[in-house]
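> Could you have a look at this structure, given as C-alpha cells, before my questions?
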Amino acid sequence: MVALKSLREARGLTQEALAARLGVSRQAVHAWETGKATPSLLQGVRLARILEVPVEALLGEAGSSLPLLFRAEPGEALGEGHLQALAARARAYREVEALLGLPGWLPEARPFPHLDPRVKEDRERLEALAVEVRKDLGSGDGPLGDPIALLEDNGLKVFLLDLPEGVSGLSAYAEDLGGVVFLNKGMPVERQYFTALHELAHLVLHRGEYGRKAQGRDAKERAADYLAGAILLPRHVVLEELGPYAGLSYLPEGVLRHLKQRYGVSMRTVLVRAAQVGILPRAKAFAQKQVLDRRYGEREEPEPLERPPTPSRLERLVFAALAQGKLTLSRAAEILGLPLREADRRASAWLQEVPA
C-alpha cells in the first residue's frame with residue numbers, strides 16, 4: 001500500500017502499535033507495507049483515521065495529472081510520509097472545488113529568485129512588488145483584516161494543522177490544483193498571518209524552484225520575510241503612522257500595540273518595518289526588540305490577536321457540496337478530518353433553515 005510505512009512513521013507508530021490499534025497482527029501490517037497483501041476496505045478506512053489522513057494518502061495520487069511540488073526546505077524537515085499526507089489533503093480540497101465548478105488558483109508569479117533585501121535596489125523592487133500583490137488580492141491600501149481569510153477568498157488553499165514545532169509553515173502547488181499553504185496552528189495568530197504571507201511570497205518569487213533544493217536559501221528567506229512584511233504594512237502606512245515619531249530613539253509601545261491590532265501584525269514586525277523604511281535606526285529597532293523579548297518572552301506579545309470563529313473556505317465548500325448532494329456525509333467528514341458526528345453537527349448548524 002502506497003506510503004503506508006512513511007505515514008506510520010510520520011505518526012511515530014511502530015508496526016506493533018499500529019497493528020494493536022487495528023486489531024490485526026504485526027505480520028499483517030508488514031505485508032501491507034511490502035505490497036504482499038492489501039487491507040480490506042474497512043481496514044483501509046480505519047487505517048486512514050488512525051493515521052489522520054484521507055484514504056487517498058494510502059492509495060496514492062493516481063487521480064492527479066501533475067505532481068504537487070513542495071518548497072524544499074520545510075518539506076525536508078517533515079519527511080516523505082508527512083508530505084504524502086499533506087498532498088492528499090490538498091487533492092481532496094481540489095476535489096470539492098471541482099464538484100462545485102470552481103477553478104484552482106495560483107498567485108501571479110514574479111520570478112525574482114535572486115532578490116536580497118540587503119541591497120537597496122532589491123528593497124525597492126520588493127516594496128513595489130508588495131503593492132502589486134496587494135492589488136492582485138483586491139485589498140487596496142488599508143489593513144488586510146484577516147490575511148488568511150483574504151488568501152482563501154482569492155482561492156488559495158490554506159490549512160491550519162499540527163506541524164512539528166520547528167516548521168511554521170510550507171507551501172506547494174500544481175498547475176491543475178493551484179497553490180496551497182500549510183500553517184502550524186500552534187503558532188500565535190499574528191505569526192500565522194505573517195507566515196501565510198511569507199509562503200505567498202515564496203509562491204510569487206520562487207515557484208520555479210519548488211520540488212528541488214534551492215540555492216541561496218538565506219537570501220530567499222530574507223526576501224520572503226521582507227515581502228510579507230511589506231504586504232502587511234505598506235511603506236506609505238509606515239511613513240504615515242510612524243513618521244511623527246521619527247525623531248525618537250524608540251517607538252512608544254502604545255503605537256506598537258495600535259498597529260498590531262489595526263493591521264494584524266506583530267509588534268516586532270512593526271519595528272522591523274520601521275527600520276526598513278528609515279523611521280528608526282536598525283540598531284535601535286533591534287535593541288527595542290530585545291526589550292520586548294525580555295519583557296514578554298521571545299515568542300509572546302501583549303494583546304494577542306484572535307481570529308474570528310468562522311468556518312474555513314474548505315468547510316464552507318464542503319457544506320455547499322453536501323447541500324447539493326454532491327458529497328456524502330462520510331466523505332465530507334473524511335475530507336475535513338473530523339469524526340462523522342462532529343461533521344454532521346457542523347454541517348447541520350451551517351445549513352439549518354432560517355425560521356419563518
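> Carbon-plus-sulfur fraction of the accessible area of the chain, 1.4 Å probe, in percent? Write out the running numbers ahead of the final one.
Numbers: 8950 of 17100 Å².
Heavy-atom surface of the chain belonging to carbon and sulfur, 1.4 Å probe: 52 percent.
> Relative to the longest principal Cα axis of the chain, at what angle does helix 340-351 sit, 0 to 90 degrees, rounded to 10?
Between helix and principal axis, roughly 60 degrees.
> If you count the DSSP beta bridges with both ends in the chain, what percent of them are antiparallel, to the nearest 5?
The antiparallel fraction comes to roughly 60 percent.
> Which residue, chosen from TRP32, GLY254, GLY155, occupies the Cα position most advanced towards the positive end of the dipole of the chain, where the dipole is computed from +1 (Lys, Arg) and -1 (Asp, Glu) charges on Cβ about the Cα centre?
TRP32
> If r is the Cβ-Cβ distance from ARG282 to GLU221 and R0 is 22 Å, what FRET efficiency results, to the nearest 0.05?
Here the calculated transfer efficiency is 0.75.
> Okay, moving on. Quick one, which of [x] 44; [y] 56; [z] 24 is the actual percent of Cα pairs over 38 Å apart calculated for this model?
Among [x] 44; [y] 56; [z] 24, the one calculated here is [z].
> Then there is this: For a label point 7 angstrom out from the Cα of ARG212 toward its Cβ, which stretches of segment 99-122 have the backbone nitrogen within less than 15 Å?
Counting backbone N atoms under 15 Å from the label point, the list is 113.
> Explain nothing, just the number: relative contact order of segment 117-232, from Cα pairs under 8 Å at least 6 residues apart, as a whole percent.
After rounding, I find 29 percent.
> In addition: Using a Förster radius of 45 Å, what is the FRET efficiency between LEU340 and ALA77 based on their Cβ-Cβ separation? Nearest 0.05, please.
The pair LEU340/ALA77 has a calculated efficiency of 0.85.
> Against the longest alpha carbon principal axis of the chain, how many degrees, from 0 to 90 and to the nearest 10, is the axis of helix 189-205 turned?
90 degrees
> If you look at just the Cα atoms of segment 185-317, how large are its Rg and its Dmax in Å?
In order Rg, Dmax, the Cα atoms of segment 185-317 give 16.1, 51 Å.
> Please say if segment 93-222 is rounded, prolate or oblate, where rounded means a/c under 1.5 for a ≥ b ≥ c the square roots of the C-alpha gyration tensor eigenvalues, and otherwise the choice is prolate for a/b larger than b/c and oblate otherwise?
rounded
> Taking 0.36 nm per intervening residue step and subtracting the Cα-Cα distance, what contour gain separates LYS36 from VAL354 on full extension?
Extra length available between LYS36 and VAL354 comes to 109.1 nm.
> Which stretch or stretches of segment 191-207 have amide N atoms under 15 Å from the point lying 7 Å from GLU132's Cα along the Cα→Cβ direction?
Correct set: 201-207.
> Take the Cα of TYR250, step 7 Å along the line toward its Cβ, and report every residue of segment 266-309 whose backbone nitrogen sits under 13 Å from that point.
Of the residues in segment 266-309, 284-296 have backbone N under 13 Å from the label point off TYR250.
> Name the residue from SER330, GLN290, TRP350 whose Cα lies farthest towards the positive end of the charge dipole of the chain, charges +1 on Cβ of Lys and Arg and -1 on Cβ of Asp and Glu.
Of the candidates, GLN290 comes out farthest on the positive side.
> Can you give the FRET efficiency for ARG257 and ALA20, using 1/(1 + (r/R0)^6), R0 = 45 Å, r = Cβ-Cβ distance, to the nearest 0.05?
In this case the efficiency is close to 0.30.
> Further question: Counting heavy atoms of the protein chains only and a 1.4 Å probe, report the per residue accessible area for segment 198-347 as a whole number of Å². Walk me through the intermediate numbers first.
Working: 7300 Å² over 150 residues.
Result: 49 Å² of accessible area for each residue.
The values are calculated or read from the model by the stated rules, or taken from the named source; none is laboratory data. Bear in mind that the values here come from a model prediction, so they are computed numbers and not experimental data. Cβ sites come from the backbone with ideal geometry, for glycine too, and all protein chains shown count toward neighbours. Accessible surface is based on the protein model in full, side chains and every heavy atom, while ligands, DNA and RNA are left aside. Shrake-Rupley method; radii C 1.70, N 1.55, O 1.52, S 1.80 Å.
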